[in-house]
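Beneath this line is the structure, given in structure tokens, with notes to follow.
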Amino acid sequence: MFFDTSHNTQQTVLANAYTAFVETATKMWAYARCLPRGKQPSARLVIDTIKNLVEIAFSLLNSKSRRLRYPEYRCNVRKTQLSWIAMVACRQVLTKKQTGYKDVLTWLEEETRKVSIQKGVNCELLVRVVQGVNPTTTVSKKR
């Protein structure tokens, strides 16, 4: 229901996804922090995890089995929108806890910029979503 665009606006669905990604990133950081220094995940592992998170989230939201099970279900969210939202959420969480995440933050910034310039990505909508959920967040609209 939270991700169904037949019940919610696209902006609401994206806000729900953003909130879920912020929670996921916060938990990832908290779990990693509990590990001893030598066992904490590498930047490469964190980056790959974020990539996989987007893939899985998009697949789950648009799966054929979900549409068959709930014929009225619609999720009118593009993968690029979901990627941008996930990367900004992760960046928001990890920026506050920068120690050990410099390479991840650099990658997130670059990838967010790449997604922003893709055709059909409405950055103004995505920025409104993020700022609507967390009004103190500053998001760059640079293309």
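The values are calculated or read from the model by the stated rules, or taken from the named source; none is laboratory data. In this text the structure is predicted, and so the values were computed from the model without any measurement. Cβ placement follows ideal geometry from the backbone for every residue including glycine, while neighbour counts extend to all protein chains displayed.
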### Message
Suppose we keep only residues that are at pLDDT below 80 and of a type in the set (Val, Ile, Thr) within segment 92-143. Which one would you say is farthest from THR24 (Cα to Cα)?
### Response
VAL121
### Query
VAL22: closer than 20 Å to ARG128 by Cβ, touching a residue at least 40 places away in the same chain (Cβ under 8 Å) and assigned to a helix (DSSP H, G or I), yes or no?
yes
### Message
Looking only at segment 77-91, count every residue that is crowded, with 21+ Cβ neighbours inside 10 Å and either touching a residue at least 40 places away in the same chain (Cβ under 8 Å) or of a type in the set (A, V, I, L, M) (or both) and tell me the total.
### Response
9
### Task
Give me a count of the residues in segment 17-46 that are surrounded by 18 or more Cβ atoms within 10 Å (Cβ to Cβ) and closer than 18 Å to LEU82 by Cα.
7
### Task
Looking for whichever is under 22 Å from LYS114 (Cβ atoms) and within 12 Å of the chain's Cα centre (by Cα) here; the options are ALA15, ALA89. Which one fits?
ALA89
### Query
Do you know which of the residues in segment 116-136 that are of a type in the set (Val, Ile, Thr) and within 15 Å of ASN16 (Cα to Cα) is surrounded by the most Cβ atoms within 10 Å (Cβ to Cβ)?
VAL129
### Message
Against the condition assigned to a loop (DSSP other than H, G, I, E, B) and over 12 Å from the mean Cα position of the chain (by Cα), how does THR106 come out, does it pass?
### Response
no
#### Entry: Out of SER116, SER65, SER59, sole residue that is within 19 Å of PHE2 (Cα to Cα) and under 16 Å from the mean Cα position of the chain (by Cα)
SER59
